[in-house]
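Structure, as structure tokens:
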Amino acid sequence: MPQLPRPARLDGAVTAQGGRCFWCGRAFGPLVPPTVDHVVPRARGGPSWAENEVAACHRCNAQRGHRSPVEWLEECLRRGWPVEVAALDRVLERLDAAVGERGGQRRARPYLRGQLRRLAGIMPEDGSRQG
């Protein structure tokens, strides 16, 4: 299945997220443009697939750097941002399914599975927002 071009994938992520940063919840606009954030960082073998991309504000994308998604989620929660724990779980599960279908991603697989296990330990029973 061919991937959409990166700008189209970003537009799709912005729409799916209701025009807000995946991590801090700030609304995108002229002063807060969206950027592509790889949930499993490229440095950890994360692919440039729609399943591994969310829309994030520049501040979140830059401050996160190569931190793991669960580590950054925990930092967002400490900051009191309205990050949705269940949303990260859905993204990681969707990516895991895509890797299973498409194959490859030798470096990303164990990293992704570790993140899912770690997230399961902090996931609230109802998957509600925290903060």
Self-check item: Total residues in segment 38-50, condition buried (at least 16 other Cβ atoms within 10 Å of the Cβ) and under 14 Å from Gly65 (Cβ atoms)
Solution: 6
Quiz item: How many of the residues in segment 83-111 are closer than 15 Å to Trp72 by Cβ and acidic (Asp, Glu)?
Solution: 2
Quiz item: Do we find a residue being assigned to a helix (DSSP H, G or I) and either out of contact with any Pro (no Cβ under 9 Å at 6 or more places or on another chain) or modelled with pLDDT of 95 or more (or both) anywhere in segment 123-131?
Solution: no
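Condition check ((1) assigned to a strand (DSSP E or B); (2) surrounded by fewer than 21 Cβ atoms within 10 Å (Cβ to Cβ); (3) of a type in the set (A, V, I, L, M)) across all residues:
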| residue | (1), (2), (3) |
| --- | --- |
| Val36 | yes, yes, yes |
| Ala56 | yes, no, yes |
| Cys60 | no, no, no |
| Glu74 | no, yes, no |
| Pro82 | no, yes, no |
Exercise. Of all residues in segment 27-48, count the ones that are without any contact (Cβ under 8 Å) to a residue 60 or more places away in the chain and under 19 Å from Leu119 (Cβ atoms).
Key: 4
Quiz prompt | Qualifying residue in segment 11-26 (condition: in a helix (DSSP H, G or I), touching a residue at least 12 places away in the same chain (Cβ under 8 Å) and acidic (Asp, Glu)) | solution = no
Quiz item: Considering only residues of segment 84-105 that are basic (Lys, Arg) and over 15 Å from Ala55 (Cα atoms), which is surrounded by the most Cβ atoms within 10 Å (Cβ to Cβ)?
Solution: Arg94
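The values are calculated or read from the model by the stated rules, or taken from the named source; none is laboratory data. Fair warning: this is a prediction, and the values are worked out from it, not measured in the lab. Every residue, glycine among them, receives a Cβ derived from its backbone with ideal geometry; neighbour counts consider all protein chains shown.
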